[in-house]
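Only the coordinates and a few stated rules stand behind these numbers; no lab work does. This is a predicted model, so every value here is computed, not measured. FYI the Cβ positions are ideal-geometry reconstructions off the backbone, even for glycines, and counts take in every protein chain you see.
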Amino acid sequence: MKKIIIIGASSGIGKELARLYAGAGHFVGVTGRRQDLLYLLQLEYPNQFVTECFDVTGNGNIVHLESLIHKLGGLDLLIYNAGYGDTHKDLDWGIDKTTVDTNVNGFIEIVNYTFNYFVRQGHGHLATTSSIASIRGNGMAPAYSASKAFQSVYFEGLHIKTKVMKLTGIHITDIQPGFVDTKRAKADKKFWVSSPAKAASQIFRALEKKKWRVYITRRWWLIAKLAKWMPDFIYHRIG
């Protein structure tokens, strides 16, 4: 039985992942900003879930994280799934600040702590729900795409670090979803939209295989390649 923490599990992909892991018999620590949603989730598997209600933009991230690890009796896998982003025609400071506080500051504090925890322990698996938006800039949500690029590049650095330090027991996975039917999926035109359950199922299988990067759903790897290599004069008209 693995001991798993999902940061941001009160809805969407995180909630479906929590259900999958609990259903497979694992012990799962779930977090979110709304206690009522965490309580409803806990009722589904009262013997498998423990909860901590907190906002990653606050000052108590490590206190809450250590509390969850203590409740679980250890940690084998942490998935950073908390995220924020919104589109705006004007450059809105409030949106940008919340995006960076959630996707960069909260992210790096929790991930840095967890990586070092796994180094001391000698094993562990660290994953983040980044985004296909991490590949290029986005005129309607520049802070979101930049913050997700931060996550993906940071995780690639951690992946390399495990090789350099010969940390064979530690695994790193960068999860890059395309459009998933959640509140985060904000665009005028959406295609290849996945349900949270389908996305979570593919993530679950990818994490079991310990892949270092995965596109969700799988066919989004094509969009990733096209976006990466698309000439600037074309991309800057549609991005």
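The table that follows gives values for the structure above.
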{"item": "Burial order of peptide ranges 225-234, 168-177 (average beta-carbon count within 10 Å, highest first)", "result": "168-177, 225-234"}
{"item": "Residues Thr57, Thr114, Thr128 arranged by fewest to most Cβ contacts within 10 Å", "result": "Thr57, Thr114, Thr128"}
{"item": "Fully extended contour minus Cα-Cα distance, from Val153 to Trp212, at 0.36 nm per residue", "result": "20.0 nm"}
{"item": "Reported label for calculated Rg and Dmax of the Cα atoms in Å given (1) 19.6, 66; (2) 17.2, 55; (3) 16.4, 46", "result": "(2)"}
{"item": "Calculated FRET efficiency for the pair Met1/Arg120, C-beta based, R₀ 25 Å, to 0.05", "result": "0.70"}
{"item": "Given charges at beta-carbon only (K, R positive; D, E negative), |dipole| of region 3-238 in Debye", "result": "960"}
{"item": "Of the trypsin sites (Lys or Arg not before Pro) in region 142-173, those whose Cβ has at most 16 other Cβ within 10 Å and which sit in DSSP loop", "result": "Lys166"}
{"item": "Region 30-98-region 116-175 distance, computed between alpha-carbon centres (Å)", "result": "18"}
